[in-house]
Structure formats: C-alpha cells, structure tokens
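One structure below.
The values are calculated or read from the model by the stated rules, or taken from the named source; none is laboratory data. What you are looking at is a predicted structure, and each value in this text was computed from that prediction instead of being measured. Note: ideal-geometry Cβ built from the backbone for every residue, glycine included; neighbour counts use all protein chains shown.
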Amino acid sequence: MNPVVMQLTVRGLLGRRRSILLLVLPVVLLGLAWLQRLASHGSPTQSAGLTGNFALGTLLPLMCLLIGTGVIGPEIDDGSIVYLLNKPVPRRSILLAKLLVALATTLVFAVLPVAASAAIAGDRDFTLTAAFGVAALLAGIAYTTIFVALSVLSRNAVIIGLLYALLWEGVLGGYVPGVKDVSVRQWALAPAEHMLGADAAGYGVTSAVTVSVGLTLLAVVTVGAAWLGIGKLKTLRLAAAD
C-alpha cells in the first residue's frame, strides 16, 4: 500500500461535496430507526424489516456507490489521474491503496450505521445487530470493490452503479427469484440467516443461497472486481502516455 496515495485519496474523498452525503445519509437512517422504535415499541420484527429492506437493500449499496466512485472516478474524469500514473508507483499499489481507503470509509459511514440502526430500532440481545452487521460488512466489501473497479472501467460508473444498486439489488434482487441467486445482498444475507438460526424466518431474514455458496460468491466477485480494476488501470496509463 502507498501511504501518499492513501493520504491524497482521503483528502479528495472527504473534501468534496459528497462528504456531506456521507454524513447525511447515515443520520437519516438512524433517525428513521429511532422513529421506528417509537412507533413499534422496539419490535425486533419491525427493526429487521427496516434494516433488511431499507438499510441493507437500498442505503448500503448507495453509500458504497458514493464512496467507491469517489476515490478514483473524479480523477479519471478530470484527467488528473495521469499525473499519478506517471509516478514510479505500481498500478496495483495505486488501486489497492484507493480501495483500502474506500473500504475503511464504507466501514465507518455505511456498515456501522446499518448495524446501529438494528440496535436502535429494536433488538433482542443484539442478535439482529450482530447478524446485520456481518451482512453489511460482507456486502459493503463486495459493493465497494465493484464500484471502485467500475469507476476505472467506465466513465458512466455513477449511472450504471445507480441502475445496479436501485434496480438489481434494491428491487429485483429482493423479490425476483431468479435474480436473488446473483445478488450481493442475498449472498451477504446467508451468514446473517445462519446466525439468527430458527428466528431468521420470523424476522424475514432469508437468503436464496447457503452460507458456503454465499461466502464463495462474495469472495469471487470481490477478487474478480479488484483484478479487473487493476488490469484496466494499467491500460489507462498506456493510453494516457500515447
């Protein structure tokens, strides 16, 4: 990892207007969780509905899109990435450094608020908090890596990412049987369902795949996205040099 690249990435990510959204969206989620607690008197079932459907199904992928495209997308769009690529730094180190910053930011601004929303809305012995925390962590790693790679692969990463996050993961991935099998959200819910055990069905926490299959697919997609991003970044350097 290159500490200089990481420092520049943090400064660029948190210094732009998107940093406001990084704060606003989690605050909105936690506010909704508190209102849900007041309305349902802390019902774990209602808490699971809010966390599983809205927090994990909608807000998490949007936050990961915001973060993933923010660590490298603007530099590619304005051409400033060329100056970094011309430095004697391996392209792999550049992407991995930016990815590490993105993952750390996702943990703070997306994963922790998702877990906290379950605890605030209503929980029993923090079982939902732990289960959704694990699901959010696994999904957050996959989503963020996908969106970082997408930023390198396409200049329309934000548009493509929005369609993917809102339609595929948010709507189709939650309700269409065939799509559930290839949904990051469903893969990440498999460990959560296993952790909740017999209570999972009552909370509405069900996955279309088994734990082993879900973890395997998450690993394959995450590593594959990182590999594609590194490969494309090497091509961008050659194109810029020409």
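Rundown of residues vs (1) closer than 24 Å to Thr129 by Cβ; (2) free of Cβ contacts under 8 Å to residues at least 40 places away in the same chain, yes/no style:
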residue	(1), (2)
Gly57	yes, no
Pro61	yes, no
Asp78	no, yes
Leu84	no, no
Pro90	no, yes
Leu96	no, no
Leu103	yes, no
Val108	yes, yes
Ser117	yes, no
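In the set Leu233, Leu166, Leu217, only one residue is over 14 Å from the mean Cα position of the chain (by Cα) and at pLDDT below 90; that residue is Leu233. Checked against (1) crowded, with 16+ Cβ neighbours inside 10 Å; (2) closer than 23 Å to Ala142 by Cα; (3) within 21 Å of the chain's Cα centre (by Cα), Val5 passes all but a single condition, namely (3). Taking the condition surrounded by fewer than 19 Cβ atoms within 10 Å (Cβ to Cβ) and in contact with a helix residue (DSSP H, G or I) (Cβ under 7 Å, 6 or more places away or on another chain), does Leu60 pass? For Leu60, the condition - surrounded by fewer than 19 Cβ atoms within 10 Å (Cβ to Cβ) and in contact with a helix residue (DSSP H, G or I) (Cβ under 7 Å, 6 or more places away or on another chain) - is not met. Within the range 123-159, being under 15 Å from Gln46 (Cα atoms) and surrounded by fewer than 24 Cβ atoms within 10 Å (Cβ to Cβ) holds for Asp123, Arg124, Phe126, Thr127, Thr129. Candidates are the residues of the range 187-209 that are more than 20 Å from the chain's Cα centre (by Cα), in a helix (DSSP H, G or I) and small (Gly, Ala, Ser); the one that is surrounded by the most Cβ atoms within 10 Å (Cβ to Cβ) is Ala200.
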